[in-house]
Amino acid sequence: MKRQDITEAKKKELIEKALEVLPNSYAPYSNYNVAAAALFDSGNIYTGVNVESASLGATNCAERNAIQTAVTNGDRRLVAIAVVGGMHGDPTGAYCVPCGICRQVMRDFADKDEMILISAKSAEDYREYTLEEILPYSFGPESLD
Ligand SMILES: [Zn+2]
């Protein structure tokens, strides 16, 4: 699935799915709630929220939770991921973007020039970037060939 095959309606659907699970985010320490909805080339969509831990280091991000669930279910090709979030679960304050670790995890499962990050405040207000734009000059699977 190429970038141009991802319709406006599909982008809005991903944002809405992420917004739907945002209240499930578990972030009692940072109060920064995040949710993600990841579309794979099978057409399957997986959601995830950030899940913090009192040990802090055991915290996992929304994006990685979504991607790892997809991989668990046999999907391997990430084509788009919508991310929403903000302080106290308010996604309208700023466009939420993935942390560096999540960008690196996406790199294993995405074509860096085709995968779209949809960073959204709402289904009507979002920005989009390719993985190459948010993770330039990256280390990836082919680095180990
Ligand atoms: Zn992250």
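What follows is calculated from the coordinates using simple rules that are stated; it is not laboratory data. What you are looking at is a predicted structure, and each value in this text was computed from that prediction instead of being measured. Neighbour counts are summed over all protein chains in view; Cβ atoms, including those assigned to glycine, are modelled from backbone coordinates with ideal geometry.
Tabulated results
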{"quantity": "Matching residues, region 19-52, being in a loop (DSSP other than H, G, I, E, B) and farther than 23 Å from ASP5 by Cα", "calculated": "SER25, ALA27, PRO28, TYR29, SER30, ASN31, ASN50, GLU52"}
{"quantity": "Some residue of region 104-114 being under 18 Å from LYS17 (Cβ atoms), more than 16 Å from the ligand (Cβ to nearest atom) and not hydrophobic (A, V, I, L, M, F, W, C)", "calculated": "no"}
{"quantity": "Output for region 47-66, where each listed residue is more than 12 Å from the ligand (Cβ to nearest atom), touching a residue at least 12 places away in the same chain (Cβ under 8 Å) and among the aliphatic types (A, V, I, L, M)", "calculated": "ALA54, LEU56"}
{"quantity": "Check on ALA38, surrounded by 21 or more Cβ atoms within 10 Å (Cβ to Cβ) and touching a Phe, Trp or Tyr at 6+ places or on another chain (Cβ under 7 Å)", "calculated": "yes"}
{"quantity": "Tally of residues being touching a residue at least 12 places away in the same chain (Cβ under 8 Å) and over 14 Å from the mean Cα position of the chain (by Cα) across region 26-43", "calculated": "9"}
